[in-house]
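Only one structure is covered here, and it is reproduced in the block below.
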Amino acid sequence: MVEAPSLDPAGWPEVEITPRAAKRLAGGHLWVFANEVTAAGDPGRPAFWCRFRTGGNPVGWGCYNRHSLIAGRLFAFGAREDRLDGLLERRLAAAIGRRLPLPPGRAARLVFSEADFLPGLVVDFYPPYGVLQSHTAGIDLVLPLLEEILPAALRRAFGAPPEGLLIRADAPVRELEAVGRFTRVAFGDREALRAAWVEEEGVRFAADLVEGQKTGFFLDQRENRLRFEKAVRQAPGARVLDLFSYSGGWGLRALRAGAGRVVFVEESREALGLLERSLAANGLPRERAALCREDVFEFLARDAGRYDFVVSDPPAFAKSKKALPQAHRAYLKLNRLAWRRLKPGGLLFASSCSRLVSEAEFAGILAAAVRREGGRAHVAYRGMQAPDHPVLLSMPETAYLKCFALRKVEGENGGPPARSFPLISK
Ligand SMILES: C[S@@+](CC[C@H](N)C(=O)[O-])C[C@H]1O[C@@H](n2cnc3c(N)ncnc32)[C@H](O)[C@@H]1O
């Protein structure tokens, strides 16, 4: 049983950090690394809420986890005393306020962890349901408090309390905090949460908020998918390949935009089940959709189709620094194979959601992929994570999603493209 912190930080243990760490926190960063902790008050617990100090001077307060390389996460900077519940309430209200007004019924990420000054906490809103994700031991300790505060904050913002609240503490990243994984329905009907619908700009997506991936839907690609739909609309009857389709975020938009055929490739049976339901619910032409439950690399090795649009939206290949070389190779291979399937003049929408791969690195990998295929590409569009996943400028770690649309410039023999789509402008 975890022990919740008292609401008044004045009584919390102290954690002494190096001047270098304190300087970084003063500059707007929110992490203290394990090797920057010089002394940690030991109340006999691996993780606790604490006051950070350097050279005996107060720096701020937040949470500490002796098992994590990111040992400290700052919530309040400066010597000002504040109560934990008051700060969480204010931060939640501010984060939600930044996203308002939401178009009626639209889903959104309401809290994006460090970028909303609530490290380790994510809140997604799929009206009428809320999903709270805890990524850290520190957030786990304040879950009872958040379960009280969050429904009230949602009621104030949207005029009604949520009909269900789900706690998802099941992301693999929790291993780095040495905390177990669990999912719990705080209130509401579990079956209703499993059969939710997510409204996104004219398309309804079936979503399983309890068992589905992440919090049930990939909200972060919203703007990129809309840009893609606009491009498909300019090419009536286009052939589209949606790789790593999950529940069809990209391909359903293509069908809506008049694509002649969309091939969805995804290894998860559950995801394809959601996709089937969404095809029907949106009245989209089932006969134009092919659902392949298969490994993307195996599919690309055997498929001989040629497409006007190829979408590649894989999971994060680089989960740690050690995995970076392998991830680079996987991105290179994937995008080479995807490029081969693209018709001259067509567009490859290539994404990477690996935080450890920068935009410049990913652009370099794409350039290498095209070069090794003997091709030439224009960057027709460059996108990032949706604005409800803001990037905190003082914390580059909050930027993770890259999306490039590459247009195949050359024809098969170096001649002009057989069919060229207009450049997409911002
Ligand atoms: C980032 S998500 C895709 C999100 C989706 N494009 C959307 O917009 O909703 C990655 C997906 O790839 C699937 N996946 C992971 N590895 C795969 C593989 N080797 N072959 C096929 N699918 C894979 C996962 O099941 C997951 O649904």
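Where a number appears in this text, it was derived from the coordinates with a stated rule and is not lab data. Note that the structure is predicted; figures quoted are calculated from it, not measured. Backbone-built Cβ (ideal geometry, glycine too); neighbour counts: all protein chains shown.
Note: relative contact order over region 199-408, using C-alpha pairs below 8 Å and six or more positions apart, is 19 percent.
A Gaussian network model of the chain, with springs between Cα atoms under 10 Å, assigns the largest mean-square fluctuation among 100, 342, 406 to 100. Listed values for region 238-244 are Karplus-derived 3J(HN,Hα) couplings in whole Hz (6.51 cos²θ - 1.76 cosθ + 1.60, θ = phi - 60°), namely 4, 9, 10, 10, 10, 8, 6, and x replaces Gly and Pro.
Of 221, 385, 326, the residue with the greatest mean-square motion in the GNM of the chain, using alpha carbon springs below 10 Å, is 326. With the charge dipole of the chain set up from +1 on Lys and Arg Cβ and -1 on Asp and Glu Cβ about the Cα centre, the Cα lying farthest toward the positive end among the listed residues 210, 149, 283 is that of 283.
Residues whose amide H falls under 5 Å from that of residue 346, counting only those 5 or more places apart or on a different chain, are 408, with hydrogens built in the peptide plane.
With a simple spin-label model that places each label point 7 Å from the Cα along the Cα-to-Cβ direction, the separation between residue 333 and residue 18 comes to 3.8 nm. Extension gain, residue 187 to residue 301, is 36.4 nm, computed as 0.36 nm per intervening residue step minus the present C-alpha separation. Principal-axis analysis of the Cα atoms of the chain puts helix 84-99 at an angle of about 20° to the longest axis. The value obtained for region 199-408, namely the Cα convex hull volume divided by the number of residues, is 119 Å³ per residue.
Helix 324-340 and the longest principal axis of the C-alpha atoms of the chain enclose an angle of approximately 30°. When the helices of the chain are scored as -39500 (n - 2.57) per DSSP H run of n ≥ 4 and the total is divided over every residue, the value at 222 nm lands at -8500 deg cm²/dmol.
About its Cα centre, the dipole of the chain is roughly 1740 debye, where the only charges are +1 on Lys and Arg Cβ and -1 on Asp and Glu Cβ. Mean projected area of the convex hull spanned by the Cα atoms of region 183-224, taken over all viewing directions: 3.3 nm².
Relative contact order, whole percent, for the chain stands at 11, derived from Cα pairs under 8 Å and 6 or more residues apart.
Looking at the chain alone, DSSP beta bridges between its own residues are antiparallel in about 65 percent of cases. Which one, 309, 320, 349, projects farthest toward the positive side of the charge dipole computed for region 274-385 from Cβ point charges (K/R +1, D/E -1)? With unit charges placed on the Cβ atoms, the residue in question is 320. Compared with the dominant principal axis of the Cα atoms in the chain, helix 359-372 is inclined by about 20°.
In loop segments of region 376-412 as defined by DSSP, the trypsin sites (Lys or Arg not before Pro) with at most 15 further C-beta atoms inside 10 Å of their C-beta are 376. How high is the relative contact order of region 84-193, given as a whole-number percent (alpha carbon pairs under 8 Å, six or more residues apart)? Across region 84-193, relative contact order equals 21 percent. The stretch between residue 233 and residue 171, if pulled fully straight at 0.36 nm per residue, gains 18.7 nm over its current Cα-Cα span. Binning at 5 angstrom from zero up to the longest distance, how are the C-alpha pair distances of region 235-344 distributed in percent? Bin by bin from 0 Å, the calculated values are 2, 12, 23, 22, 19, 12, 6, 3, 1, 0.
Across 355, 80, 168, mean-square fluctuation computed from a Gaussian network of the chain (C-alpha pairs under 10 Å connected) peaks at 80. Averaging 1/r across all pairs of distinct Cα atoms in the chain and inverting the result yields a Kirkwood radius of 23.0 Å. Evaluating kT/(6 pi eta Rh) at 20 °C and 1.002 mPa s, with the Kirkwood radius of region 9-77 over Cα pairs in the Stokes-Einstein relation, gives 188 µm² s⁻¹. Computed about the Cα centre, the dipole magnitude for region 84-193 is approximately 360 debye when only Lys and Arg (+1) and Asp and Glu (-1) carry charge, each at its Cβ. Rounded to 0.05, the FRET efficiency of the residue 7 and residue 359 pair, given R0 = 45 Å and the Cβ-Cβ distance, is 0.65. Only lysines eight or more places from residue 321 in sequence, or on another chain, were considered; those with a Cα closer than 25 Å are 23, 214, 333, 402.
Close amide-amide hydrogen proximity is noted between residue 377 and 409, each under 5 Å apart and 5 or more residues distant or on a separate chain (H modeled in the peptide plane; Pro and chain starts excluded).
Provide, for q = 0.11, 0.20 Å⁻¹, the log10 of I(q)/I(0) from a solvent-free Debye sum over equal Cα point scatterers in region 82-212. The Debye formula, applied to the Cα set alone, gives -0.36, -1.24. On the beta carbon distance between residue 326 and residue 409, with R0 = 25 Å, the FRET formula returns roughly 0.25.
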